[in-house]
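What follows is one structure encoded as structure tokens, with my remarks underneath.
The values are calculated or read from the model by the stated rules, or taken from the named source; none is laboratory data. Since the model is a prediction, treat every value here as computed from it, not as a measurement. Note that we place each Cβ from the backbone using ideal geometry, even for glycine, and neighbour counts take in every protein chain shown. Remember, those area values only see protein heavy atoms, side chains included, never the ligands or the DNA or RNA. Shrake-Rupley method; radii C 1.70, N 1.55, O 1.52, S 1.80 Å.
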Amino acid sequence: MTLTESPSSLGRLGRVVVNNPLMPLVGLLVALIAVLAILNPTILSLFWVGNTIKIAIPLAMLAACQTLTMLTGGIDLSVGTVATITAFVAATLSPLTGVPVAIVVALVCAVTVGLVNGFGIAVCRVHPLIMTLGTALIATGCLLVYQRYVIATGVLIPDFLLWLGTGRSFGLPNGLFLFVPFAVLVIWAQRRTGFGRMLYAIGSNEAAARLSGVRVWQVQFTLYSLSSVIAGMTGLLYLGQIKTASLSLALPLDLPSVAAAVIGGTSIFGGRGGYGGTIIGALILTVLTTMLTLMQIPEGGRRILFGLIILAVTALYVRLTNQN
């Protein structure tokens, strides 16, 4: 019997990862918390748990956009920009038009970016990476132009966003009132709806999906529009959490949102993954960020580490799953 014919431990590990994707993630999260407790034994408390969850929620919501698009073999690099635009427009228009109108206009801006992304990817067949990166750059330019007209108007952050972003109930962040229903809906939609099954089908084999009657362009158009809506909602939540309007509010979450989805087991090649793993991936990155802060690692070092994590996890995942 040759070496390639015998069952390998790597192949068995690959089957475990595929069949029980959450187990190694939970184990890694527990290990990181244990290391953090060793570095600073006084840090672990109910307040720390609540604060960690609060920080992880916006990241997990943006990572939902990456999870859904990556299931089809795509990606959305505009989510951080969309979240930033939504937050900035809502905060700067609120003193002028009132909170309800400002939020509606802000969400319309988010939907517009999603429609442009969907049209370019689904109809014009532009690669998702190029399309979403291009729209992010254009949208950023538009935001800079808009900012010149509202620079003297001041900002107003709605009270309910402050309550949602910074408030606590029973020691846990109020953001959970938004995130828990959102997460349940995404997980249910992935596995129990026709739209979710079509995402997996397109990512597994787009040609076969077309032959089976799936209208791929409609799914992609809806998908990228939905991604921008989620990013817009995240921007509003993040505005209440950060309590300031900034032209770069959510941009630092772009790369970590991709990393959270990849760490959570979503394949960048499409067809595999789930939002449950992405949520744990977001928690892992949040705990890891806390560790790096305690170790006084600068922001540049964190970004390098996030990039290395994406490369390493992707390479390991492909290696493990190819053994089956």
As a test question: what accessible area, to the nearest 10 Å², does TRP163 have when a 1.4 Å probe is rolled over all protein chains in place? 130
Could you check which residue among LEU107, LEU178, LEU93 shows the biggest mean-square fluctuation in a GNM of the chain with a 10 Å Cα cutoff? LEU178
Given a 1.4 Å probe and the protein chains all in place, what does the accessible area of SER212 round to, in Å² to the nearest 10? 90
What figure, in Å² to the nearest 10, do you get for the accessible area of GLU206 with a 1.4 Å probe and non-protein molecules left out? 50
With the charge dipole of the chain built from beta-carbon charges (+1 for Lys and Arg, -1 for Asp and Glu) about the Cα centre, the Cα from GLY196, ALA136, LEU62 projecting farthest to the positive end belongs to GLY196
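Quick one: length gained pulling VAL35 to LEU294 fully straight, 0.36 nm per residue minus the C-alpha distance? Walk me through the numbers on the way to the answer.
Values: separation 259, 0.36 × 259 = 93.24 nm, distance 1.15 nm.
Result: 92.1 nm gained on full extension.
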Separation between Cα centres of region 118-132 and region 185-219, rounded to whole Å: 17
Comparing THR132, THR84, THR97 in a Gaussian network model of the chain (Cα, 10 Å), the one with the largest mean-square fluctuation is THR97
Listed by chain and number, the residues whose amide H is under 5 Å from that of ARG168, excluding neighbours fewer than 5 places away on the same chain and using placed H, are ASN174
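What is region 205-324 by shape, rounded, prolate or oblate, if you read a ≥ b ≥ c off the alpha carbon gyration tensor as root eigenvalues and call it rounded for a/c under 1.5, prolate for a/b larger than b/c, and oblate otherwise?
On the way: a/c = 2.82, a/b = 1.31, b/c = 2.14.
Since a/c reaches 1.5 but b/c is at least a/b, the shape of region 205-324 is classed as oblate.
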Compute a Gaussian network model of the chain, connecting alpha carbons closer than 10 Å, and tell me which residue from GLY277, GLY301, GLY240 fluctuates the most. GLY301
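Please give the net charge around SER228, taking every other residue with its beta carbon less than 15 angstrom from that of SER228, where Lys and Arg add +1 and Asp and Glu add -1. Write down the numbers at each step before the final one.
Details: positive: none; negative: ASP76, ASP254.
Net of charged neighbours comes to -2.
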Which of the three applies to the chain, rounded, prolate or oblate, going by the alpha-carbon gyration tensor with a ≥ b ≥ c and a/c under 1.5 meaning rounded? oblate
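Take each uninterrupted DSSP H stretch in the chain, measure its Cα extent along the helix axis, and return the ones at 24 Å or beyond whose mean Kyte-Doolittle hydropathy is at least 1.0.
Working: long enough: 22-39 (26 Å, 2.97); 46-70 (34 Å, 1.33); 79-97 (26 Å, 1.49); 99-118 (28 Å, 2.35); 128-150 (32 Å, 1.27); 216-242 (38 Å, 1.04); 275-294 (29 Å, 1.72); 299-321 (33 Å, 1.15).
Helices meeting the criterion: 22-39, 46-70, 79-97, 99-118, 128-150, 216-242, 275-294, 299-321.
Just reorder ASP76, ASP254 by solvent-accessible area, largest first, 1.4 Å probe, all chains present. Present the calculation step by step, with values, prior to reporting the outcome.
Numbers: ASP76 0, ASP254 35 Å².
The ranking, largest first, comes out as ASP254, ASP76.
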Please give the calculated 222 nm ellipticity per residue for the chain, where each DSSP H segment of at least 4 residues contributes -39500 (n - 2.57) and the sum is spread over every residue; nearest 500 deg cm²/dmol? -24500 deg cm²/dmol
